[in-house]
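Below is one structure; the comments refer to it alone.
Where a number appears in this text, it was derived from the coordinates with a stated rule and is not lab data. Everything numeric here is computed off the predicted structure, so don't read it as measured data. Every residue, glycine among them, receives a Cβ derived from its backbone with ideal geometry; neighbour counts consider all protein chains shown.
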Amino acid sequence: MMATTHALWGMTLALPVLAIAPELAPAAFAAGFVGGLAPDLDLYAGHRKTFHYPIYASIAALPALALAVVVPSAAPVAIAVALAAAALHAVSDAFGGGLELRPWRGTSDQAVYSHFHDRWLPPRRWVRYDGAPEDLLLASLAAAPLVAIGPESVAAGAIALVAASTVYAALRKPLAGVAERLAGSIPASLVPYVPVRYRRE
């Protein structure tokens, strides 16, 4: 899925906080955004493995959520929402396409790495690839309540993320070729540092 989709769904995890303790909502929305994006910091170094923890992040989120209920202050709430958003990101990647430059071809059997199982989880391809129409739909569905009931800044951010998602979705397939050509033009000494999926297929 697109990074923007993950960020938007991470932010939706803050909506219960907005309803129950609105004074803590700003920290929760920020944490949901950061937690939703954070796993993709491994994009160029062991993507969907280095910072993706579908099982362990889910396990870690449970006591964090419990602590946030018992100690409803900014830090525990932010940590709980961030961990839950990171877990949701990693888990949902298993329902998307494979780890390849052109996932619509369906040639990869690697969706996300489970450190708990010590193996790659296969792609379910319910969302065929990042930027697919169904991915954009999921981003829009997440944005809807954020725009409808979120604070003005959150609503504006959600609209901006959907706009960026729409542009990316429109350009997704041509961008694969652009990335491949750019990767092919780098000096040979740097090729080992380029993720395999960006090399010419």
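Summary of values
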{"quantity": "Residue satisfying condition, being within 16 Å of the chain's Cα centre (by Cα) and crowded, with 19+ Cβ neighbours inside 10 Å, within set VAL81, VAL91, VAL77", "calculated": "VAL81"}
{"quantity": "Listing of helices (runs of 4 or more DSSP H) fully contained in the range 1-69 that carry 1 or more residues being more than 15 Å from the chain's Cα centre (by Cα) and either of a type outside the set (A, V, I, L, M, F, W, C) or farther than 17 Å from ALA156 by Cα (or both)", "calculated": "15-20, 25-37"}
{"quantity": "Pairs where the first residue, in the range 124-145, is more than 22 Å from ALA19 (Cα to Cα) and in contact (Cβ under 8 Å) with a residue 12 or more places away in the chain and the second is assigned to a helix (DSSP H, G or I) and among the charged types (D, E, K, R), C-beta under 6 Å, 6+ apart", "calculated": "VAL127/GLU134; VAL127/ASP135; GLY131/ARG172"}
{"quantity": "Subset of the range 116-128 (residues that are more than 20 Å from LEU138 (Cα to Cα) and either in a helix (DSSP H, G or I) or in contact with a helix residue (DSSP H, G or I) (Cβ under 9 Å, 6 or more places away or on another chain) (or both))", "calculated": "PHE116, LEU121"}
{"quantity": "Of residues in the range 94-127 being of a type in the set (Asp, Glu) and out of contact with any Ser or Thr (no Cβ under 7 Å at 6 or more places or on another chain), the one surrounded by the fewest Cβ atoms within 10 Å (Cβ to Cβ)", "calculated": "ASP118"}
{"quantity": "Residue match in the range 142-164 (condition: under 19 Å from LEU43 (Cβ atoms), outside any loop (DSSP other than H, G, I, E, B) and over 18 Å from the mean Cα position of the chain (by Cα))", "calculated": "no"}
{"quantity": "Residue under evaluation TYR113, criteria (1) part of a helix (DSSP H, G or I); (2) touching a residue at least 12 places away in the same chain (Cβ under 8 Å); (3) of a type in the set (Ser, Thr, Tyr), criterion not met", "calculated": "(1)"}
